[in-house]
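The values are calculated or read from the model by the stated rules, or taken from the named source; none is laboratory data. Remember, predicted model here, so these are calculated numbers, not experimental data. Cβ placement follows ideal geometry from the backbone for every residue including glycine, while neighbour counts extend to all protein chains displayed. These accessible areas exclude ligands, DNA and RNA; they are computed on the full protein's heavy atoms, side chains included. Shrake-Rupley method; radii C 1.70, N 1.55, O 1.52, S 1.80 Å.
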Amino acid sequence: MNFFLAIFSIYKAEWISLALVNLVTFVLFAIDKRAAIKHTFRVTEKWLLLYCLLGGWLGGLIAQQLFRHKTHKQPFKSLFYLTILLDCIAVILYLSRGALLH
């Protein structure tokens, strides 16, 4: 438990930013699902993928499953999983930068 508190205190701004981008991504998926049902103006896939790439992929993944939205559409599904992979690589590089400097 102390380890997680230490990580949170060191990277507090990053955790808050990540939570906010995930919340925004979740809301964008919800708005797009509602627009799809009502046949009104949609959120473009480019914006959904951009927010996922900015770290909001977990919010997007939760929204996808909760709203059953964009779970089968290709190439969106492949690009969505690519954003997850790229984000994981970015986090690993970010966290290992300190180890590389020492």
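Worth a mention:
- The P(r) of the chain has a tail past 15 Å containing 66 percent of all C-alpha pairs.
- Computed [θ] at 222 nm, helices only, for the chain once each DSSP H run of length n ≥ 4 contributes -39500 (n - 2.57): -26000 deg cm²/dmol
- Accessible surface for the chain, divided over its residues, is 73 Å² per residue with a 1.4 Å probe.
- Among 20-27, 82-89, the peptide with the highest mean count of other Cβ atoms within 10 Å heads the list, and the full ranking is 20-27, 82-89.
- Pairs of Lys residues in the chain that lie 8 or more places apart, or on two chains, and have C-alpha atoms under 28 angstrom apart add up to 11.
- Karplus 3J(HN,Hα) series, Hz, for the range 52-61 with 6.51 cos²θ - 1.76 cosθ + 1.60 (x for Gly, Pro): 5, 5, 6, x, x, 5, 5, x, x, 5
- Ligands, DNA and RNA left out, the 1.4 Å accessible surface of the chain is 74% carbon and sulfur atoms.
- Other residues lying with their Cβ under 13 Å from the Cβ of Q64 contribute a combined charge of +3, Lys and Arg counting +1, Asp and Glu -1.
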